[in-house]
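Remarks on the structure that follows.
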């Protein structure tokens, strides 16, 4: 019952926030992308995918075209460079998670270089399901606002606290696959532990638009 009411609250929260954005979004066709970001797989969605009601203050993201969203262990993901202890801990113990939001202010195909990016078209129902999944991944304060966790990897990006635990085999790439599955796409998340595996599968129902240099 608690879970049911939680889902109802998330839906109402998302609906209320998205009403103000209806003029920004097309009705039945939405383009998303899946990108390879080093160790992580990014889910790239139109900026209107996250409702304005999530933000404590007006973010610069609202003027962006797309948001690249990645998920991972709070310590490992936010730490600069590779940290063996954080990596070990993330594999063997459930840990806190964060989401990394990186605003993209241009055509996605022109933003990425020397990496793999797959473009996927969603209908309205698929897109709404994906948006609800993403909104539910953020930890929120008592006012329903998402909570900053750390400065992002890039000058304009930001880490936010996640609502789910990170643990093996539920890694960042499986998370991205779960997002695609929630959108109704034919993918088995636990079978895709690497970013390459997620991207290869995504090509079956999408189109490779940026490719890593050989």
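Any read-out appearing in this document is the output of simple, stated calculations on the displayed coordinates, not a laboratory observation. Here the structure is a predicted model, which is why all the values come from computation and not from measurement. Here the Cβ positions follow ideal geometry from the backbone for every residue, glycine too, while neighbour counts run over all protein chains shown.
Extension gain for the segment residue 145 to residue 209, taken as residue separation times 0.36 nm less the Cα-Cα distance, is 19.6 nm to one decimal.
For the pair residue 191 and residue 38, a Förster radius of 25 Å applied to the C-beta separation gives a FRET efficiency near 0.75, rounded to the nearest 0.05.
In terms of packing, defined here as the mean over residues of other Cβ atoms within 10 angstrom, the peptides 108-114, 97-103, 139-145, 200-206 line up highest first as 97-103, 200-206, 108-114, 139-145. Simple spin-label estimate for residue 113 and residue 52 gives 3.6 nm between the two label positions (7 Å along the Cα-to-Cβ direction from each Cα). Cβ-Cβ distance of residue 121 and residue 154, R₀ of 45 Å, FRET efficiency by 1/(1 + (r/R0)^6): the value works out to about 0.95. With R₀ set to 30 Å, the beta-carbon distance separating residue 106 from residue 200 gives a calculated FRET efficiency near 0.70.
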